[in-house]
Amino acid sequence: MSKKKFSVNGTFKDSVNTVKFLTERKQFIDSAPAVLPTRTDDFGVNKVAKSLHPKEQKLVISRIEEHADIAKSYYFNSEAPLAYFKAGQYLTFKLEIGNSVVTRSYSIASSPASALNGEYQITVKRIADGFVSDYILDSWKVGDEVTAYAPEGNMTYNPLRDAKSIVAIAGGSGITPFLSLARAIEQGDEDCTLTLLYGCRTSGEILFKTELDSLSEKNEKINVIYVLSHSDEEGYEKGFVGADIIKKYAPDGNYSIFICGPGGMYKFLEAELPKLDKERKYIRFEVFSSGKKTEDPKEYSITVINRGEETVIKASSSETVLCAFERAGIVVPARCHTGECGFCRSKLVSGKVYIPEGEDKRRIADMQFNFIHPCCCYPESDLVIRIN
Ligand code: FES
């Protein structure tokens, strides 16, 4: 009599294997020693992950450098290793100002290599009536400890995504991420060329000029051009950084554009960039919003719903909703302050807000269900907002 062969496969085989696996797993658990396992914090890989992505970093101000009356650079070190970053990223600081808990982000000016050597640098520029910048510039001193989150931000050079040549357009203190990039190129940590178009009102407002000139002179991958809008001086371009100046210094058209500066500069470029006929994927930007509108301010109220509790606070049409929260001491998670990260996402239950053109970076579903990013919304009526 011939024997028949059966092969077992498919769902039946899976079921058999699962039963076998469950039995083995039970035996394994039963045979485990009755002692606490080693803390996973002690595993090397977890230590590395923690130092790369710390929840918070305690930083100590090691020195302060004044840039005339315009700005100050703050240098930080820490007892713990500093989280690494890519040139172009920012640090978000958590600050307690009076009864308010606020967060503000500042691009890192130092090179990534300096973080490995235990130092970060940021530069803070004074802006008229700046709620946070005034506080930092007037009160931070050497030896103070401040709290910052891990570095974040997407305006970084990625060889898989970006062209090998970067045309960077900086306005005012928006120079800092590109100073970091230039330093990284000089130190051999980034392999791209950088044409830096730095717009300022006058030559007196240019930050880091000596270092930028020196980097440009000694490294052929770096070219720095200064563009002055309010003065006509020899050796400088005159006007605003627009399509003509970009074409003049990057004639071959094969480049990615990175932009960092005030909202006004971005608005000007919005009309200029289409003249370059560039695909949107080659344009990346970080817009600093001062959190202010210049029109006549109107007073409104915001009813804030936080875990079922309601608080009514005052708000001005000239300041962002996030600013109103911060002034009232209401803590909302926030990082970028440019509408990008989504940390401050909240539900607009009722009322009307104004979102400046180009600053609405919400997901389509969030728009449909009335979620807003308070960091770039201005009240246009009394509001009711749920923050969690
Ligand atoms: S803080 Fe990033 S979206 Fe509001």
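The values are calculated or read from the model by the stated rules, or taken from the named source; none is laboratory data. The model shown is predicted, which means the values in this text are computed figures rather than measured ones. A quick note on method: Cβ atoms are made from the backbone with ideal geometry, for glycine too, and the neighbour counts reach across all protein chains shown.
Restricting attention to the range 341-358, the residues being more than 7 Å from the ligand (Cβ to nearest atom) and at positive phi number 2.
For beta carbons closer than 6 Å, sequence separation of 6+ or different chains, a first residue in the range 106-133 that is in contact (Cβ under 8 Å) with a residue 12 or more places away in the chain and under 17 Å from Phe76 (Cβ atoms) and a second that is assigned to a helix (DSSP H, G or I) and among the hydroxyl-bearing types (Ser, Thr, Tyr), the qualifying pairs are Ser107/Thr176; Ile108/Ser180; Ala109/Thr176; Ala109/Ser180; Ser111/Ser180; Thr123/Ser173; Thr123/Thr176; Val124/Ser133. For Ser317, the test of being polar (S, T, N, Q), surrounded by 17 or more Cβ atoms within 10 Å (Cβ to Cβ) and away from the ligand (no atom under 11 Å from the Cβ) is passed.
Within the range 325-340, the residues that satisfy the criterion of being crowded, with 20+ Cβ neighbours inside 10 Å and either more than 7 Å from the ligand (Cβ to nearest atom) or farther than 16 Å from Lys94 by Cα (or both) are Phe325, Glu326, Val332, Thr338, Gly339, Glu340.
So that you can scan it fast, the table gives a plain yes or no per residue for (1) over 25 Å from Phe343 (Cβ atoms); (2) crowded, with 21+ Cβ neighbours inside 10 Å:
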{"position": "Ala128", "(1), (2)": "yes, no"}
{"position": "Asp134", "(1), (2)": "no, no"}
{"position": "Thr147", "(1), (2)": "no, no"}
{"position": "Ser165", "(1), (2)": "yes, no"}
{"position": "Asp189", "(1), (2)": "yes, no"}
{"position": "Leu194", "(1), (2)": "yes, yes"}
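If you go through the range 356-375 and keep only what is surrounded by 13 or more Cβ atoms within 10 Å (Cβ to Cβ), at pLDDT below 90 and either closer than 21 Å to Ser316 by Cα or of a type outside the set (Lys, Arg) (or both), you end up with Pro356, Gly358, Glu359, Asp360. I'm trying to understand the selection: among the residues of the range 263-284, which are surrounded by 15 or more Cβ atoms within 10 Å (Cβ to Cβ) and either out of contact with any helix residue (DSSP H, G or I) (no Cβ under 6 Å at 6 or more places or on another chain) or of a type in the set (S, T, N, Q) (or both)? Once the filter is applied, which keeps residues that are surrounded by 15 or more Cβ atoms within 10 Å (Cβ to Cβ) and either out of contact with any helix residue (DSSP H, G or I) (no Cβ under 6 Å at 6 or more places or on another chain) or of a type in the set (S, T, N, Q) (or both), the range 263-284 yields Gly263, Met265, Tyr266, Phe268, Leu269, Leu273, Lys278, Tyr282, Ile283, Arg284. If the condition is being within 14 Å of the ligand (Cβ to nearest atom) and assigned to a loop (DSSP other than H, G, I, E, B), then the range 359-387 contributes Glu359, Asp360, Lys361, Arg362, Arg363, His373, Cys377, Ile387.
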